[in-house]
1. Out of all the residues in region C:54-89, which are over 19 Å from C:Ala421 (Cα atoms), free of Cβ contacts under 8 Å to residues at least 60 places away in the same chain and part of a helix (DSSP H, G or I)?
2. Taking region A:78-130, which residues are within 14 Å of chain B (Cβ to nearest Cβ) and of a type in the set (Phe, Trp, Tyr)?
3. Quick check: is even one residue across region A:242-250 charged (D, E, K, R), more than 10 Å from chain C (Cβ to nearest Cβ) and in contact (Cβ under 8 Å) with a residue 12 or more places away in the chain?
4. For residues that are under 35 Å from the mean Cα position of the chain (by Cα) and modelled with pLDDT under 90, scanning just region A:196-230, find the one that is farthest from the other protein chains (Cβ to nearest Cβ).
5. Under 6 Å by Cβ, and 6 or more places apart or on different chains, what pairs join a residue from region A:259-278 that is within 14 Å of chain B (Cβ to nearest Cβ) with one that is in a helix (DSSP H, G or I) and of a type in the set (Phe, Trp, Tyr)?
6. Answer with yes or no whether B:Ala290 is within 18 Å of the chain's Cα centre (by Cα) and surrounded by 16 or more Cβ atoms within 10 Å (Cβ to Cβ).
7. Give the residues of region C:214-259 that are surrounded by 13 or more Cβ atoms within 10 Å (Cβ to Cβ), out of contact with any strand residue (DSSP E or B) (no Cβ under 9 Å at 6 or more places or on another chain) and within 30 Å of C:Ala281 (Cβ to Cβ), sorted by residue number.
Amino acid sequence: MKQTHFCGSPDHRISRRGFLGAATGATALAADMTVLDVLSRPALAEDLKRQQKSVILLWLAGGASQFETWDPKPGWPTGGPFAKIPTNVPGTHISELLPEMSRRLHYTAIIRSLNTKIADHGGGYRLMDTGRRDEPGVEFPHLGAIIAQELAQPDSRIPDYVEMYTSTEGRRKGSAGFLSGRFNPMFLTESMIPENIRRLESISQIDHHDRAALRRLLANRFSRDLPSSAVGCHNAAYQRVRGLMASASLFDVEREPAAMRQHYGPTQFGEQCMIARRLVEAGVPFVKVARAWWDSHGQNFETHRELCADLDQVMSALLDDLEQRGMLENTLVISLAEFGRTPKINGSLGRDHFASAWSCTLSGCGIQGGALYGKTDEDGMTVVDGEMGAGDLFATIFTALDIDYEKEYMLGSRPIPIADFGAAPREAILA
Amino acid sequence: MKPTSLKQTQEGKREDILFCIAAGSQPGQYFFGSSDFGVHQLDISNEMAQPIRFEDGHQSYVTGLAVVGGNLISGSYDRQLIWWDIESRKPARTIPAHNRWIRRVLATPEGSRVVTVADDMLCKVWNVETAEFVAAFTDHRPLTPHDYPSMLYAVAISDDGSLLATGDKVGHVSIWDMESFAKVGELEAPTMYTWDPVQRRHSIGGIRSLAFSPDGEKLAVGGIGAIGNIDHLGGPARLEVFQWRLGKQLFVAEDNDHKGLIEQIAWASDERWIVTAGGDHKGFVTFHDAETGERLHQEGTSSHIHGFVFDRDAGTLAACGHQHWAQWNLQSEAEVG
Amino acid sequence: MQRPTVFRIIGSLVAFLLALPALGRGDSQENLSSAIDRLIEARQQAEAVSHTGPIDDYAFARRVTLDLAGRIPTLQELTGFVADTSVDKRRQLVDRLLASPDFAYHLRDSLDILLLARKKTDEPWRKYLLEAARENRSWDRIFREVMLPERELPGDKRPAAFLHARARDLDAMTNDASVLWFGVNIACAKCHDHPLVPDWEQSHYFALASFFQRTFPTRTGLVSEKFDGKLKFTTTEGEEHQAEFMFLSGTSVSEPETALDKDVLKEIGQKIRDAERKEDAPPPPQPEFSPRAELVRLALEPGEHDFFSHNMANRVWARLIGHGLVHPLDQMHSENPPSHPELLETLAQDFAQNGYDLKRLIRTIVLTRTYFRSSRWTDASEPADPELFARGMVRPLYPRQLAMSLRVATRNPNGMPGLSAPDQWMSAREKFEQDSTALAARLPIPSGLFQVGTEEALFFSNSQEFHEDFLDSGNEHLVGHLAELADPEQIVETAFLTVLSRPPSDTEKGAVALHLAQRADQREDALRQLVWALLASPEFRFNH
């Protein structure tokens, strides 16, 4: 059976790294590994290289309009009032609402050909966050959990999967599904400081430490002769507590210089993306920042004038920041929603839900910057070239991160590929 | 004399969205600004007449129109003002006017000037004859208190041409002297902002319409009230009337029967009532008592109304909106009785 | 998944089983329990696998109290049981627990998690389950009431919650019902014939769904059925079929022809729409032919009930033993035979023939030797495959078990007589149950790949709530009680017995004594840390 989960307990560490399994004394080796040892083994070097990669998902919850962002159609009845503007990629135009991004498209691939069919919020969210349609009785892992499973260090001292979602509308917590509970997200809502990450004032640092040592003593005695991975994982979870507590400062934007904060802008979305960069810099494999709520059934143009200004500044600042730190080649920035919006403009000057022809972007790690993939017709009603489903998008994302998109998890006796059956990456988007 | 009924005399369906309307010099002659980026002319005194589209000029939605003297001046989200030759239906003069969407174009009563408001948050005054820029002024912040772009939707001029009012997205109103362009008063209608800090973190409201009473002492402010779900225009149509010099609010009228934005307001010449129009997915024309705000009469319409012109003397109201225009005759108590 | 040992010895196993005398159906429960052990041990012998020894009294009291009462034993219950010298004190304890108020609460909580799975929190539904558990209502009756609430208990929305929570989602209704009542997951067969299991074709999925297709939720929290409507589906070859009303066994029913007048149907339609939308609408009319009633009838029909009885026998077994006879629990089909076919058959038949008596089923299982095997594997060999049941499985506590046990462990043991003072205990239990709701809701439901997450470890470590609820030094609490004890030895002894239900080892005594001695100037804090370390240990987190 393939290993479907690990939690940092030693037995999992071995089985996850199959190549170590053959070596004698594998446990000791795993414990003492130095980077040099690692690099002398090509397979392991590959593995580590992959593990430096991270994802930041900008989740435009509620469904941003493709017309007002990445696939403008000015002059057509469905196009709305906004002009298109040229970008630093010759021949590619985007909406005038994204002037900053128009100067940074060399980082970014635009996909204009998503046809995902599901146009209700819950269903669209699950489709775009798991890469496949619901199946009753199966809890599929969400993108963040899969990425964390593939990229997190077993003994990591930082969170594996962080989600920020401040607005209450459409707030849905991602899930590890049938993967290990370790890969459930650390879910931040009202406060950007994770729950229970700080020591209570009533206990001193020393006592907190000694108490944990006492717990470990009891746990070790108990765990001896007890063949149970669940018990091992319990101990692993407690062993991660101190590391997680030490990572509390990652969530503190006050630690960023004023100039940097200004670059991201004063909005909450800006601050959260700055936190996302801090987390990724510290090695967190997956951070999702949700900006809700784009669901512009009424006043679509006012809504996008308002929210695109934020998206434009923050996404640009994030890409600049990652680039300047040399992190962009290892960080994949995704902008995505549960669906796009209708070509038809309704009586409230709104656009409704639309999943037949819409857009998203991939930037940075493994991505062919400046790529423009797929095409919609003049009115934006249908995809005419390069149609992609959610599974194809996932396959492309995995490939960009050097993760084999055909890898399978076992659910009981049933193999489940990480990108849905029949999905394939789109090479033209990949570096 | 109070309005008791509206009798629709004519209407027309369209493919496009009509954002603004101006009355021509002939009875029954109207101009519309459209989502097809064009200006259209319609003569409804001739029932067979088809609307005529002017030649291309703007590159975005046409949202402001003024007929002044023999001039037709349009403003658009493309930031430009166009002076049209009505005869040839060609642009006579095109000028870059603002840095952001132009929201409204309005002529002064005596016909020498035209004013514009736009999302660069400026109110600008132009010479009608020469198209020369006269003045620009603002008292509206470019960013909302939540650091998102604000918008300057509404402008009104008093009947005697001495006063001008501007109203923005966050509910701030400034009143200006038209001689000096000095600010002479301000009002706040913050409910109309509709910022939702918890569920959806955005806003779709704003002050969308303003109108001075004929004596210039009162100012009617139109928009939308608190919205539960700001994905939709699901709030009450909201009218606030102020004695602006005193900063005193006279009344607030909220309408939950016909929801949405109040897009345009006009006063009766005797100041006894106020007519408003607007809507959500559907539309409304509503008459309010100007003293109490009480609803005197109301007509629901099948589509959102973006603008109207009201001829006080003829008692006709012509409105345009989502894929639709219509004209009504106003009937009053006296006539019916 | 491979079971190599099974294949290796399958021939000899079959021969062995055939040699066993048939199990008498009318045997007493004890005989049945022994027969189960013989079947289990026969296979162990056949596979030359040793089994672990029985657990001691402390471990037994903890394991069985967790399983039957849904909490750890109180200090008084524990020491009373250990001191008891009667020969069959274990059986007595089992019977005492089965008769206790705790049993009904725990059964209720177990059924709630199983059936509603937190789809929503529904106090009336929980009250209904508690009422059923208190009178040991038979499983078939619960099945009928939950699946046919509008006919079995008209107007009572409590049992309707199961269907009501899923009634807008035909797939969820179909698959959840199939998984939970019949142990069959046929979701895969929705889009195509099951790729791995020839038993389940696409037509099976839609046949089962057609029993639910007319079900709708009313505004008032009830469910009812429409008068018509047929489910159509398209095969992978693109052919369109109309689904039959067919049970998993292959038996189908046909709908009698009815000739309802068009106007009557129209009127009924209006009433149904009203019931769906309006709070004050009268109950909708009920059709004479109810597909859902047909499903319930078929599922319980002699000769058809195997799915129903096998599923629950298997689920209860898995819950108490830690591994299903059919495993995973929702994979009852020919490609995944039971590890002990005759055992499952016997257990299921006994269950069906004795009126689907859950308490009897539970009692039968906890009286086996298999139930109280130690979970420690000290043998040098590889730990035996779980499906041989040669060792006790370590089982994570369910949310309510853990939340309740935290309460029980951290009260002053002097005020916790437990079942030694039943009248007093009843109201205490009710209060603990209520106090545990919020905490239980944030704890994970154990699943096949269960792992404690860091969220829980952080909650135990740093939450104000946890510290206030469980580490208070007031007199009513364990920390306060320990602070009043003078003898360090007694402190350690009491803390271990109260929280972990066992005395400390010498090493542990030494370590704790040192911990306390080093903190003589902050004694209360030191005791708090001790109790925390016990609560946060895996020994407390699992049933083992």
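1. C:Asp57
2. If the condition is that a residue be within 14 Å of chain B (Cβ to nearest Cβ) and of a type in the set (Phe, Trp, Tyr), then A:Phe82 is the only one that fits.
3. Among the residues of region A:242-250, not one is charged (D, E, K, R), more than 10 Å from chain C (Cβ to nearest Cβ) and in contact (Cβ under 8 Å) with a residue 12 or more places away in the chain, which makes the answer no.
4. Step by step, filter region A:196-230, then rank; the result is A:Ser229.
5. Final answer for the pair search is A:Gly270/A:Tyr264.
6. no
7. Across region C:214-259, the qualifying residues are C:Arg219, C:Thr220, C:Gly221, C:Leu222, C:Phe227, C:Asp228.
Yes/no matrix, rows are residues, columns are (1) in contact with a Cys (Cβ under 7 Å, 6 or more places away or on another chain); (2) farther than 25 Å from A:Arg199 by Cα; (3) more than 14 Å from chain A (Cβ to nearest Cβ):
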position	(1), (2), (3)
C:Arg411	no, no, yes
C:Gly415	no, yes, yes
C:Leu419	no, yes, yes
C:Pro446	no, yes, no
C:Val452	yes, no, no
C:Leu458	no, no, no
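The values are calculated or read from the model by the stated rules, or taken from the named source; none is laboratory data. All values derive from a computational prediction rather than experimental measurement. Heads up, the Cβs are rebuilt from the backbone with ideal geometry, glycines too, and the neighbour counts pull from every protein chain shown.
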